[in-house]
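Reading through the C-alpha cells given below for one structure.
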Amino acid sequence: MSRRQLERGAALRGMVTPQGIVPLGADFPRDGSGPDSDCNVLHLDMDAFFASVERLRNPGLADTPIIVGGTGPRSVVSSADYRARARGVHSAMPMAQALRLCPGAAVFPPDGRAYREVSRAVMEILRAVTPLVQPLSLDEAFLDVSGARRRLGGPVRIAAMIRERVRAEQGLTCSVGVAATRFTAKLGSTHCKPDGLLLVPSAAVRSFLDPLPVGALPGVGDKTERTLARMGVRTVGALARYDRDLLRMELGDKHGARLADLAHGVDDSPVEPESEDKSIGAEETFAVDVADPEEVHRELLRLSEKVARRLRASGQMGRTVSVKLRKGDFSTITRARTLPDATDVGREINAVARALYAESGLRGTPMRLVGVRMEGIVPASGVHRQLALDEQDTGWRDVERVMDRVAERFGPGALQSAVLAKRDENDV
C-alpha cells in the first residue's frame, strides 16, 4: 500500500491492465464473462483487524489513533490502525517506540476472545458463499468461488458482495484480491488496502508482478533477497527474465524452480478448506528476565493449563509436548517429547514441560520468554484411553473441566491452581 493511498483514505476498486489500474465499473458482467472469467481465487484480508475491533467497541475515540499491545517495558505492538501507521507505527514494534512516534494513541491490551468471536462471524459469511474457505489467521482467508458462480455471479461481484456483508454485519472493512492463483490474489489484496478490491486478470499478471520487489514473493526471505541482489535481481520482472537453470544452481533445484514459476505468475497450489489445528500453544514474555526456576515452573504450569483449556474447548487432544525457552540474548531453543497417549490435561502437559526445562541445561539461566505447545493434534472423540491394571485415574481431567465451567461463568482466574493463586496474592 502506498503512502499516498493511505493518506487519501480512499478505497481502491480497480482492475489491473497492461496500461495500469483502471476503475471497476458498476456494470461489471454479472455472469463472470468479463476479465474475471478464470479468476476463481479470492484473498480476503481484514483491515487493521485488532485495532478496528477496538475502535468499533470504543466509538467515542473518533479520530484517535489506536494501538493494540501490552504496556510493559518489553511489550510490542500487535496491531495499529491506519492513523497510527501513518506516523510510522507497525506490528512487532516495541511499544515504547510506538508511543514516542504516536504519543496521543489509545492503547488496548489484546482481547483474543473478542477477536475470535468477530473472526468466526466473518468466516461464516465466507462459508455461506463457498465451502472452499482456507483461513490463514483470524483476519485473512482464501476462497475458491468456482462453485458459487452460477448462484452468485462472477468472482468480482462475489467479492463486492462479501465486502458489503462484512461492512453491514460487522461494521468493519476488508480488502479483497481476485485472481487465478492464490499468491497473486494475496498480492492483490495487499496492493488495494485499506478497504479495497482489486482484480488481477490472467492477461495482466506479468504487468502487475514485474515492477514488484522480489521480496513480495512468498518464500523470499532476507537471505534469499540478499542472494538475488548479488545476482542483480531486485524485481520480480528481473527474476522472470533470469535464466531458470542458473537460478536453480544458485538457490537449489526446488526453491529456484518455485521462484521462477511465481515470477511468471504460475502457482498451482489449491485452496484447501480449513482442517483441524496442527498445534496449539501459548507463550509469555517476562517483564524482566527470570532466572528463578520456581518462577519458570509456575509460568510453565500456567501456560500448560492455558493450552489444555484450548484443547478441551476445541474438542481436541495432543500427543507431543514442546517447550520454547528464550534467553535474555534472544537465543532460543525448543525441546519436545511425545506421550504414549494423547491428552488434554494441563497437569500431564505441565509434567512433561517441567521435565523438558530441567533437561535443557538452562535451569537458573535468565529467561526472557517461555512457551508450551501441543502438537500431534487429534479429535478427542477418537481417543479411547485404556488404563493399565495397576494404573489409577488421577481425576485431573474432571477437575480441570470443572475449572473450565467456572471460568466460562466468572471469567479466567476465578478458580486456579494453588501455586498460581499464591503468586497472584504475592503480586498484589
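The values are calculated or read from the model by the stated rules, or taken from the named source; none is laboratory data. Computed from a prediction, not measured in an experiment: that's the story for all the values here. Don't worry about glycine lacking a Cβ; one is built from the backbone with ideal geometry, like all the others, and counts go over all protein chains shown. Heads up: the accessible areas ignore ligands, DNA and RNA and are worked out on the full protein's heavy atoms, side chains in. Shrake-Rupley method; radii C 1.70, N 1.55, O 1.52, S 1.80 Å.
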Label-point separation in nm, Leu61 to Glu169, each point 7 Å along Cα→Cβ: 2.5
Can you tell me how much longer the chain between Arg150 and Ser202 gets when fully stretched, taken as 0.36 nm per residue apart minus their C-alpha distance, in nm with one decimal? 16.6 nm
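Highest mean first, what order results for 53-66, 124-137 on Cβ atoms within 10 Å?
On the way: 53-66: 15.4, 124-137: 16.9.
Highest-to-lowest ranking by the protection proxy: 124-137, 53-66.
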In whole Hz, what ³J(HN,Hα) sequence does the stretch 104-118 give by Karplus (6.51, -1.76, 1.60; θ = phi - 60°), x for Gly and Pro? x, 6, 8, 10, 10, x, x, 10, x, 4, 5, 5, 5, 5, 5
Nearest-0.05 FRET efficiency for Ala121 and Ala86 at R0 = 30 Å, using Cβ-Cβ distance, is 0.60
In whole Hz and in residue order, list the ³J(HN,Hα) couplings for the stretch 92-97 that follow from phi through the Karplus curve 6.51 cos²θ - 1.76 cosθ + 1.60, θ = phi - 60°; x for Gly and Pro. 6, 6, x, 4, 4, 5
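Could you provide, to the nearest whole Å², the per residue accessible area of the stretch 110-195 with probe 1.4 Å? Walk me through the numbers before you get to the answer.
Details: 3470 Å² over 86 residues.
I get 40 Å² per residue for the stretch 110-195.
With +1 on each Lys and Arg Cβ and -1 on each Asp and Glu Cβ, and nothing else charged, work out how big the dipole of the stretch 308-381 is about its Cα centre, in Debye to the nearest 20.
Working: 14 positive and 6 negative charges, 53 e Å.
Its charge dipole is roughly 260 debye.
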Label-point separation in nm, Thr334 to Lys254, each point 7 Å along Cα→Cβ: 1.7
Which of the lysines could a cross-linker span from Lys223 if the Cα-Cα distance has to be under 26 Å and same-chain partners fewer than 8 positions apart are dropped? Lys186, Lys254, Lys324, Lys327
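Taking 0.36 nm per intervening residue step and subtracting the Cα-Cα distance, what contour gain separates Ala114 from Glu284 on full extension? Don't skip to the answer; put the middle values down first.
Numbers: separation 170, 0.36 × 170 = 61.20 nm, distance 1.99 nm.
Result for the pair: 59.2 nm of gain on full extension.
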Simple label model, 7 Å out from Cα along Cβ direction - Ser381 to Arg230, nm: 5.4
The ³J(HN,Hα) series, computed from each phi in the stretch 309-322 with the Karplus coefficients 6.51, -1.76 and 1.60 at θ = phi - 60°, rounded to the nearest Hz and given as x for glycine or proline, is 4, 5, 4, 5, 5, 9, x, 10, 9, x, 10, 10, 9, 10
Where trypsin sites (Lys or Arg not before Pro) fall in DSSP loop in the stretch 226-301, at most 15 other Cβ within 10 Å: Arg234, Lys278
Once amide H atoms are built 1.01 Å from N in the peptide plane, which residues 5 or more positions from Gly69, or in another chain, come under 5 Å H to H? Ser78, Phe108
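Given the Cα-Cα distance of Ser360 and Ala128 and 0.36 nm per residue of separation, how much length would full extension add, in nm?
On the way: separation 232, 0.36 × 232 = 83.52 nm, distance 4.81 nm.
Roughly 78.7 nm would be gained on extension.
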FRET E, pair Gln19, Val266, Förster distance 35 Å, beta-carbon r, rounded to 0.05: 0.90
Solvent-accessible area, 1.4 Å probe, carbon plus sulfur percent, for the stretch 263-341: 47
